[in-house]
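These notes are about the structure you will find just below.
Just so it is clear, none of the values below were taken in a lab; they were calculated from the coordinates. Bear in mind that the values here come from a model prediction, so they are computed numbers and not experimental data. Quick reminder, even Gly has a Cβ in these numbers, built from the backbone with ideal geometry, and neighbours come from all protein chains shown.
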Amino acid sequence: MSIISSILDYNKTFVDQNKFKEFQTTKYPDKKIVIITCMDTRLLELLPKAMGLRNGDAKIIKNAGALVSHPFGSIMRSILVAIYELKVEEVCVIGHHGCGMVGLQSSSLLDAAKQKKESQSGAN
């Protein structure tokens, strides 16, 4: 069974048993905060627990390295929506120890993408 199949099976049971109801909240963050943080999987549960956040408390925006790299990009757009439409009053940018983005060279990332493309081309 593929990963997506097992996720869909679990989701069907989750919905059928109304387990989603305990997570219902409004679109407005209760603590009026937006957090920009890294997409690192180690932070999935750690960050909210370390900050005492529960479902509905904050808007959390994740990307590689917790970076706001373009003044008109999707991260900035999300921050502006949070402030002007969702009543957010504070913005926090939270990095973490051992982030894989520290020292990452774009050239090595591009090389890896090229190698993957070449290996997929050769497989056909």
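Pairs over the 26 Å Cα-Cα cut-off, from the set Lys21/Lys87; Lys59/Lys117; Lys19/Lys49; Lys31/Lys62; Lys12/Lys32; Lys62/Lys87: Lys59/Lys117; Lys12/Lys32. Computed from phi, the 3J(HN,Hα) profile of the range 91-103 under the Karplus parametrisation 6.51, -1.76, 1.60 (θ = phi - 60°) reads 10, 10, 10, 10, x, 7, 5, x, 5, x, 7, 5, x Hz, with x in place of Gly and Pro.
What is the Cα centroid distance between the range 69-96 and the range 20-60, reported in whole angstrom? Distance between centres, Cα-based: 14 Å.
Per-residue ellipticity at 222 nm, computed for the chain from helices alone with -39500 (n - 2.57) per DSSP H run of at least four residues, works out to -13500 deg cm²/dmol. Considering only the Cα atoms of the chain, their convex hull presents on average a projected area of 11.4 nm².
For the chain, the residue among Ile83, Ile94, Ile3 whose Cα projects farthest onto the positive side of the dipole built from Cβ charges is Ile83. Using θ = phi - 60° in the Karplus curve 6.51 cos²θ - 1.76 cosθ + 1.60, the 3J(HN,Hα) couplings for the range 34-45 round to 10, 10, 9, 9, 6, 7, 3, 5, 5, 8, 3, 9 Hz; x is entered for Gly and Pro.
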